[in-house]
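Below: the structure, in structure tokens.
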Amino acid sequence: MHIRQGTTCTCRPSNPLPTNIVKDATSFLHMAMLFARSRNLVSSLRQNLGLSAILIKRNHSSPRPVFTNYQLSSRVFLDPSTSFRHESTAVETQPDLVQQSDHEDDAQELDFPGGKVGYTSEMKFIPESSSRRIPCYRVLNEHGKIISDRDFIPVSEKLAVRMYEQMATLQVMDHIFYEAQRQGRISFYLTSVGEEAINIASAAALSPEDVVLPQYREPGVLLWRGFTLEEFANQCFGNKADYGKGRQMPIHYGSNQHNYFTVSSPIATQLPQAAGVGYALKMEKKNACAVTFIGDGGTSEGDFHAGLNFAAVMEAPVVFICRNNGWAISTHISEQFRSDGIVVKGQAYGIRSIRVDGNDALAVYSAVRSAREMAVTEQRPVLIEAMTYRVGHHSTSDDSTKYREADEIQYWKMSRNPVNRFKKWVEDNGWWSEEDESKLRSSTRKQLLQAIQAAEKWEKQPLTELFNDVYDVKTKNLEEQEVGLKALVEKQPQDYPTGFHI
Amino acid sequence: MASLLGRFCRKLVVPGSAHGSRMISTTACDSEAVKSLNLYSAINQALHIALETDPRSYVFGEDVGFGGVFRCTTGLAERFGKNRVFNTPLCEQGIVGFGIGLAAMGNRAVVEIQFADYIYPAFDQIVNEAAKFRYRSGNQFNCGGLTIRAPYGAVGHGGHYHSQSPEAFFCHVPGIKVVIPRSPREAKGLLLSSIRDPNPVVFFEPKWLYRQAVEEVPEHDYMIPLSQAEVIREGNDITLVGWGAQLTVMEQACLDAEKEGISCELIDLKTLLPWDKETVEASVKKTGRLLISHEAPVTGGFGAEISATILERCFLKLEAPVSRVCGLDTPFPLVFEPFYMPTKNKASSSSSLSSPLKKKHYLIMGLHVWCRYWMQSSPLLITSHSICFFR
């Protein structure tokens, strides 16, 4: 049998049909004639409606009817709350996963668990990829000019200026903390260079009640919500003022006040947790959703599959934001998956998804805002793939020039810089000047240096904090160990670091 | 030793096969209504009470909706609704991760893993996330409302993947609690305590006892404290420590030993993490001998932790090495199960339990002779040895 890629398969078996089938040929022919007539009717209906198959809603009650929500609303991205309408052209350019064919006997349907499905006598494999990649939603071009007046949520001057300020602040913060690590003042750091638009614009699009479960490259979300530079510094130094009480490496921020779950190093573990958080918000009938971040690499983890599947089945209001920055430490995305990125995976879980230019602050803002509204009003998960580039090294423990070209890094840093791009738009509107720029950068820099100096001088946590919070109440076993350790430290203080109150 | 609740339960074991005997307890609970229940019914009752008393509690897992493969969740979905009691996709890491998320938002999530043998996909979520959730956040967040229930242990025909006892893996994780009940009455009280405990708990249910064990279980809402071991049989010659279904076996061994004049003290540990060292220590200081028994393979099993701790604390009181009567170091076999299991015969023939009294006498006589010899040559040595001899 020969199957040509991307075309309808007209396969004919080489062996003759078994005799019993030939005997039934007459009745078979009758049926075929009936099918042909009804098929023509249905195929013309289908072309008008544009659906790849007619799915009939199940009449009897079933816990969660499959496809109905998606089928009914996938063509109609109406979102009255945001006062704009997605153009249907946006949907049409997305190729259907199942290619349409005139040979489909789709008047006939088969009943299986999961609903009715049309059948076809053509053996046709869905191609491993669409002929065209899913396009990327963007609002601003590389020069900071709006491409089209339609299809984005307008941003006021106040909001735009705040967004720009925070993106610049994040840049300065990353730079100063990175240098502090290099000077040996903090043990570790990782930057979000190149991903400032994703960080700040997504945060700006959320409400403070939305619960954020980060991966680790989203400190900008916490910054937007009001975490101060001093608080960031305290965590990096693990001093007495650190809310995490010095227990984790730098950049593992967390703040219950800001609805930002504490960062943990294992990748993707936050995704099924986000489904649970979203479900909790749903049960409480809160006007809020869970928002969780993941990188391109993290989508290979089992927890990605678990998180999306659970969110979809439980109909939990969760926005999954994947920062596809091209690299998982030294592993390029070509070594990570063979799909067209992450956006195409959404449909596999029954999740609405969009690909957005992650370096376009306005596009990210619109997409996240819309996704958030959908998640909350329709109580469903949404997937956003934000395309971007990791300009910085993975972390201070990495030298990315060892596995990628320095030219490539420079290109993205200079020509595809999300901060500069947004700055141009803000400046063009007359909302920002060079004076504002230098004032902001120098004052932020000064504030950060002061924060670091202060954080460095703060004393460490008392030694008892080593033993607290393992459980809600310290166990007898831990009390004994604490007593033993204190005695040892008092006996041989030279073997232990100073600055810890015993 | 009476438990803090002031109840001393004496178990009567109905004569029968060593493995799978009915346990009837004659607890002094005259004032309250009791009902004869098996283990899965007792657990079902606990879950009903848990959901009833806290409207923000949820029960979910694979096949939980229709009542569960072991019937532990019967009636819950009908009574409390599909929003609170529901099936999940077949994905343990998702089940536990989802449960952590729910618990982190202040709810009680009682999740079911269908068999303890399948808990490993969730190991990352349990060890790296649930156990560290409070600590790593500086107590800003916690998932204390999470309870993970899983049937564990031999069932007679389970083989590799329906018989495992993975408790040792979890006892090595600071931040979670590991609880294993021995009977229906214990299970109900311990499960309610576990659900209400403000820490994530892994609750292993001995599946062998789901139907086999029948006991008078009080119908009201009661809790049995965690981290408190119980002396379920008093004795003077040797301490036996176990948990879960293994206690039935050990009880048989105690009865057999009694016929030979050996008085056994049997302790149900109940909570393995954090475990009640004081109760076991006090018992061993009294008896001088310790035997630990569990179904899990002996190497690296939780018996090793108990043995090491008791050695540290009771070394001078011990008259014999600590004995461990456990599963063999093999995957749990099917046809070879009777040979693999730590049966009462293995317990009885272990060095600790075989004729301890006689050995004690020889030991005393031996020391006495030796001391008399040394009296003539070295008075100093006598003193220290006398101290050792006259405890």
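Data table
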read-out: Viscosity 1.306 mPa s, 10 °C: Kirkwood-radius Stokes-Einstein D of the stretch B:40-109 over Cα pairs, µm²/s; value: 132 µm²/s
read-out: Among A:325-334, B:292-301, A:110-119, A:298-307, the order from most to least packed when residues are scored by Cβ within 10 Å on average; value: A:298-307, B:292-301, A:325-334, A:110-119
read-out: For the stretch B:254-317, the spread of Cα positions along each principal axis, largest first, Å; value: 33, 28, 20
read-out: Top positive-direction residue, dipole computed over the stretch B:88-180 with Cβ charges, set B:HIS160, B:GLN93, B:ALA109; value: B:ALA109
read-out: For the stretch B:129-281: rounded, prolate or oblate by the Cα gyration tensor [a/c cutoff 1.5]; value: prolate
read-out: Calculated over the stretch B:123-166: convex hull of Cα atoms, volume per residue (Å³); value: 65 Å³
read-out: FRET E, pair B:THR299, A:THR331, Förster distance 41 Å, beta-carbon r, rounded to 0.05; value: 0.65
read-out: Per DSSP, loop chymotrypsin sites (Phe, Trp or Tyr not before Pro) in the stretch B:45-84 with at most 14 further Cβ within 10 Å; value: B:PHE66
read-out: Interface size A-B, as summed buried accessible area [1.4 Å probe, Å², nearest 100]; value: 3600 Å²
read-out: With every protein chain in place, the stretch A:110-171: carbon and sulfur % of accessible area (1.4 Å); value: 57 percent
read-out: A:GLU122-A:GLU378 FRET efficiency (beta carbon distance; Förster radius 51 Å; 0.05 resolution); value: 0.90
read-out: Convex hull volume per residue for the stretch A:287-354, taking Cα atoms only, in Å³; value: 87 Å³
read-out: The stretch A:402-502: GluC sites (Glu not before Pro) falling in loop per DSSP and having at most 12 other Cβ within 10 Å; value: A:GLU405, A:GLU459
read-out: Packing-based order for A:342-354, A:362-374, using average beta carbon neighbours within 10 Å, highest first; value: A:362-374, A:342-354
read-out: Using distinct alpha-carbon pairs, which all enter the 1/r mean, Kirkwood radius of the stretch A:348-494 in Å; value: 21.5 Å
read-out: Cut-off under 5 Å, modelled amide H: who pairs with B:GLU205 long-range; value: B:ALA150, B:TYR152
read-out: Drop in accessible area of at least 50 Å² in the complex versus isolated chain, residues of the stretch A:229-262, 1.4 Å probe; value: A:ARG247, A:ASN256, A:PHE261, A:THR262
read-out: Amide H contacts under 5 Å for A:LYS116, placed H, 5+ residues apart; value: A:ILE56
read-out: Per-selection Rg to Rh, the stretch A:151-271 - Cα, Kirkwood hydrodynamic radius; value: 0.97
read-out: Highest to lowest packing among B:175-187, A:185-197, scored as the average C-beta count within 10 Å; value: B:175-187, A:185-197
read-out: Pairwise label distance in nanometres, A:GLU109 with A:TYR403, each label 7 Å out on the Cα-Cβ vector; value: 4.9 nm
read-out: Probe 1.4 Å, protein heavy atoms only - accessible area per residue of the stretch A:187-241 in square angstrom; value: 19 Å²
read-out: Inter-probe distance in nm under a simple model that places probes 7 Å from Cα toward Cβ, at A:LYS457 and A:ARG182; value: 2.6 nm
read-out: Debye log10 I(q)/I(0) for the stretch A:315-412, one point scatterer per Cα, at q = 0.13, 0.14, 0.17 Å⁻¹; value: -0.54, -0.61, -0.81
read-out: Virtual spin-label span in nm between B:HIS172 and B:SER349, 7 Å along Cα→Cβ; value: 3.1 nm
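The values are calculated or read from the model by the stated rules, or taken from the named source; none is laboratory data. Values in this document were obtained by computation on a predicted structure and should not be read as measured data. In this analysis, Cβ positions are derived from the backbone assuming ideal geometry, glycine residues included, and neighbour counts consider all displayed protein chains. To get the accessible areas, we keep the full protein, side chains included, count just its heavy atoms, and leave off ligands, DNA and RNA. Shrake-Rupley method; radii C 1.70, N 1.55, O 1.52, S 1.80 Å.
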